1. Kindly indicate whether residue 149 is over 25 Å from residue 46 (Cα atoms) and among the aliphatic types (A, V, I, L, M).
2. Taking the stretch 147-177 as the region of interest, how many residues are in contact with a Ser or Thr (Cβ under 7 Å, 6 or more places away or on another chain), of a type in the set (Ser, Thr, Tyr) and either closer than 17 Å to residue 221 by Cβ or surrounded by fewer than 23 Cβ atoms within 10 Å (Cβ to Cβ) (or both)?
3. I'm trying to understand the selection: among the residues of the stretch 12-37, which are in a helix (DSSP H, G or I) and buried (at least 16 other Cβ atoms within 10 Å of the Cβ)?
4. As an exercise: evaluate residue 91 against (1) over 27 Å from residue 221 (Cβ atoms); (2) of a type outside the set (D, E, K, R); (3) part of a helix (DSSP H, G or I); (4) modelled with pLDDT under 95 and give the number of the one condition it does not meet.
5. If you take the residues in the stretch 225-262 that are more than 15 Å from residue 111 (Cβ to Cβ) and among the small types (Gly, Ala, Ser), which one is surrounded by the most Cβ atoms within 10 Å (Cβ to Cβ)?
6. If a residue has to be assigned to a helix (DSSP H, G or I), closer than 17 Å to residue 269 by Cα and either touching a strand residue (DSSP E or B) at 6+ places or on another chain (Cβ under 7 Å) or hydroxyl-bearing (Ser, Thr, Tyr) (or both) to count, how many in the stretch 48-82 make the cut?
7. Just checking, does the stretch 185-199 include any residue being modelled with pLDDT of 95 or more, under 14 Å from the mean Cα position of the chain (by Cα) and not polar (S, T, N, Q)?
8. I'd like to check something: does the stretch 114-132 contain any residue that is under 21 Å from residue 243 (Cα atoms), outside any helix (DSSP H, G or I) and over 21 Å from the mean Cα position of the chain (by Cα)?
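The values are calculated or read from the model by the stated rules, or taken from the named source; none is laboratory data. If you're wondering where the values come from, they're calculated on a predicted model, not measured in any experiment. FYI the Cβ positions are ideal-geometry reconstructions off the backbone, even for glycines, and counts take in every protein chain you see.
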Amino acid sequence: MNAPFDGGFVEPPLAGGRSARTRLRWEIGLVLAVSVGQSALYSVLSLVRASLRTTPLSQQQTQLNPTRDAEAIWDVVYRFLNIAFSLAIVALVVYLLWEPGANALRRIGLDFRRFGSDLGRAALVAAVIGIPGLGLYAVSRILGLNIAVVASPLDTAWWVVPLLVLSALRAGLTEEVIFLAYLFDRLRRLGWSWWSIIVATAALRGAYHAYQGFGAIVGNFVMGVVFGWCYRRWGRILPLVIAHTLLDVVAFVGYPLAAALWPAVFAPASTPSPSPTPSPTS
């Protein structure tokens, strides 16, 4: 068991007999099939389709938070429901992690016991990932390795901003709770080594973002390794959820400004790219 600054990852018990391990493998497969695994498959297929098109990747685009209806009220309703149903999957995963006599939220560190230190760590991780990540995106766009990612509509109304913040929170909870809290627990119970888990979940995270291009695969793989190491070290998911949410809030809310200041890098391209899923989350 790890013994870092304030607790570290709580070592889960290994799965019992053969039947228990088989059941655990089925559970992992089903969770991935209805969540990030499904999205990763669609995302990879989206990149394959985009690469086979005659239009270069640099001249294609994908939208993260598209308008869902021409009428404002219905746009709000549909966006809110999309976020709510996505968070229901997060709740399901937390439910699966719950065990008799043990609070799952407390065990994975999704609570506010150490909010001050969690917030400080989140800011540090967000800076470490966000600044180089922005540079990687810019270089990838210049080299034609990335699709133009339209993070939010350019004509965003004021009432869309709270929904973008909720979308960012949804992305942070979905990815960190499933990629880290859930898969770290389940794969460790199956006897996987720590670095095998970190690399495998980072690779899945990269595939999950493949629809954005090759630069996004590399950037999110590195992010997955860093986040995985931090979770193993700290044993708390909250600072990583906060860091991810901060990154996406800046990307979503700040996109119109970035597109106006650096149109060559951030402005929408001419050709839409097939969406990876009906509702990409980040």
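1. So residue 149 fails the test.
2. Qualifying residue count for the region: 0.
3. 24, 28, 31, 32, 36, 37
4. (4)
5. Result: 243.
6. Within the stretch 48-82, residues that are assigned to a helix (DSSP H, G or I), closer than 17 Å to residue 269 by Cα and either touching a strand residue (DSSP E or B) at 6+ places or on another chain (Cβ under 7 Å) or hydroxyl-bearing (Ser, Thr, Tyr) (or both) number 5.
7. No, every residue in the stretch 185-199 fails to be modelled with pLDDT of 95 or more, under 14 Å from the mean Cα position of the chain (by Cα) and not polar (S, T, N, Q).
8. Checking the stretch 114-132: at least one residue is under 21 Å from residue 243 (Cα atoms), outside any helix (DSSP H, G or I) and over 21 Å from the mean Cα position of the chain (by Cα).
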